[in-house]
Amino acid sequence: MNADDFACLADLLQRRAGFHLAPSKAQLAKSRLAPVARRYGFRKTDQLMAELRDPPEEFVNAVVDAMMINESSFFRDRACFDYFRGVILPSLLSARAGTKRLRIWCAAASTGQEPYSIAILLDEAKIAKDWRIEIVATDISSAAIARAAEGRYSHYEVQRGLPAQTLVRHFAQDDDHWRISERIRRMVRFRRFNLLDSFGWLGEADVIFCRNAFLYFAPLAKRACLQGLSDTLASDGYLVLGASETMEGASTAFVPDDADARGIYRKSRHAVRPVALAS
Amino acid sequence: MKHCLVVDESRVIRKVVSGLLEDMKFYAEEAAESRSALDACRTQMPDLVLVNLANAGGIELVRALRRTDGAKQPVIIGTVTEHDVGNIVEAIRAGADEYVQKPFGRECLTQAFAHSGLM
């Protein structure tokens, strides 16, 4: 990518998404934008880059979305939430009918859109008041967790993924920002946590969301983290990864829940903690 | 073919949006302000009304349409710019289904249609 193109892209991302694109990420940026270029009929990504000098709005949105792939948005990948609502939740409400307790852990919560989306979904599902459903949300970034706990989002951030009725029902306007309602905010507990640290503090979770967190993990780190997730997950619980993520042989602890449900896993019968060999 | 009414003071905007909707296989009609928009709706209620919420009478048009008796209610989508997002809450409470922010394209409209059950 030539320097002018990079500067133009970096400036665009800074202005539109407050995102700092490091020069070392130029190659990654180019590969992220290749599908966007194809979608708009450009034979080369460079041609798309040239358009960024004076881009149509549709290009800007597509470019920002492709670049911010690790950024969070409300109800991101709607199919995942539909599966949670339609399959996972009924299954667990039935399985936990005795204790009437559920714990959901968002392990890569970023700026909070994912746990708040789950909270909104639960609120609208009108589950009986005698249930105790806990949503714990963690992220490696303390800045992200602070933003998440505040629950205040720009108009750009609430625009995508939120039907207007949902927006008006669960958010209040705050200057040119939107603040999540206290009712929803109260449903989530936020804490800073690095997935490479010890998992002991959490106890057991019935559902773990860990979407698109492994993108930058080395294979060994991914394996260690999946072991931790397996230790934390209830035996009949669900692990939700990003729709395009797989185990890639990193763990035998999980099996796909359904051939068509991408990214959703259960614990396999072979989920055993590796035993340290005596030296 | 679905029928849409585009309500905006600006002739340029009406033309651009009508063109976009025609590309999306709508039959598009235009109105410059809420009174002629209401008249058009009384003649034949469209499937979709796209109304600029910042224009005088925009939100009142939403209320008037929702008060209209008769079998068919249109999907109402308000258009806003980044400077007048304050209209969104009022418009939704007045009965609008969705909003789109200018400049909007096909992708944005498609998402708004999906959220409001138009397609």
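Among the residues here, B:Pro103 qualifies as within 12 Å of chain A (Cβ to nearest Cβ), assigned to a loop (DSSP other than H, G, I, E, B) and more than 18 Å from A:Leu167 (Cα to Cα). Taking the stretch B:30-47 as the range and being open to solvent by less than 60 Å² (accessible area, probe 1.4 Å) and touching a helix residue (DSSP H, G or I) at 6+ places or on another chain (Cβ under 7 Å) as the test, the residues that pass are B:Ala31, B:Ser34, B:Ala37, B:Leu38, B:Cys41. Restricting attention to the stretch A:142-156 and to residues that are within 13 Å of another protein chain (Cβ to nearest Cβ) and open to solvent by less than 40 Å² (accessible area, probe 1.4 Å), the residue that is nearest to A:Ala125 (Cα to Cα) turns out to be A:Tyr153.
Among the residues of the stretch B:60-77, not a single one is out of contact with any Gly (no Cβ under 6 Å at 6 or more places or on another chain), open to solvent by 30 Å² or more (accessible area, probe 1.4 Å) and touching a residue at least 40 places away in the same chain (Cβ under 8 Å). Out of the residues in the stretch A:3-12 meeting the condition of being open to solvent by less than 60 Å² (accessible area, probe 1.4 Å) and of a type in the set (A, V, I, L, M, F, W, C), tell me which one is modelled with the lowest pLDDT. The residue in question is A:Leu12. For the stretch A:195-218, a residue qualifies if it is among the aromatic types (Phe, Trp, Tyr), closer than 20 Å to A:Ser235 by Cα and assigned to a loop (DSSP other than H, G, I, E, B), and exactly one does: A:Phe199.
Report, by residue number, each residue of the stretch B:106-119 that is open to solvent by 60 Å² or more (accessible area, probe 1.4 Å), away from chain A (no Cβ under 11 Å) and assigned to a helix (DSSP H, G or I). Matches in the stretch B:106-119: B:Thr110 only. Scan the stretch A:133-140 and tell me whether some residue there is away from chain B (no Cβ under 14 Å) and outside any strand (DSSP E or B). Within the stretch A:133-140 (the criterion being away from chain B (no Cβ under 14 Å) and outside any strand (DSSP E or B)), the answer is yes, since at least one residue qualifies. Filter the stretch A:35-88 for residues that are free of Cβ contacts under 8 Å to residues at least 24 places away in the same chain, of a type in the set (A, V, I, L, M, F, W, C) and open to solvent by 20 Å² or more (accessible area, probe 1.4 Å) and give the result. Across the stretch A:35-88, the qualifying residues are A:Phe42, A:Phe59. Here A:Arg169 does not qualify as part of a helix (DSSP H, G or I), away from every other protein chain (no Cβ under 14 Å) and either open to solvent by 70 Å² or more (accessible area, probe 1.4 Å) or in contact with a His (Cβ under 9 Å, 6 or more places away or on another chain) (or both). Applying the criterion of being surrounded by 15 or more Cβ atoms within 10 Å (Cβ to Cβ) and within 18 Å of A:Arg76 (Cβ to Cβ) to the residues of the stretch A:124-140, the residue that is modelled with the lowest pLDDT is A:Asp139. Does A:Arg15 fit the bill of being within 14 Å of chain B (Cβ to nearest Cβ), open to solvent by 60 Å² or more (accessible area, probe 1.4 Å) and more than 30 Å from A:Ile118 (Cβ to Cβ)? Criteria met by A:Arg15. Residues that are more than 13 Å from B:Leu48 (Cα to Cα) and buried (at least 18 other Cβ atoms within 10 Å of the Cβ) within the stretch B:80-100 comprise B:Val80, B:Val85, B:Asn87, B:Ile88, B:Ala91, B:Ile92, B:Ala94, B:Val100, listed in sequence order.
Residue-by-condition table, conditions (1) under 19 Å from B:Glu33 (Cα atoms); (2) within 14 Å of the chain's Cα centre (by Cα); (3) modelled with pLDDT of 95 or more:
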| residue | (1), (2), (3) |
| --- | --- |
| B:Glu60 | yes, yes, yes |
| B:Thr79 | yes, yes, yes |
| B:Asp97 | no, yes, yes |
| B:Lys102 | yes, yes, no |
| B:Glu107 | no, no, no |
| B:Phe113 | no, yes, no |
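The values are calculated or read from the model by the stated rules, or taken from the named source; none is laboratory data. Predicted model only: the values in this text are computed from it and were never measured. Neighbour counts are summed over all protein chains in view; Cβ atoms, including those assigned to glycine, are modelled from backbone coordinates with ideal geometry. Quick note on the areas: whole protein, heavy atoms, side chains included, nothing else; ligands and nucleic acids left out. Shrake-Rupley method; radii C 1.70, N 1.55, O 1.52, S 1.80 Å.
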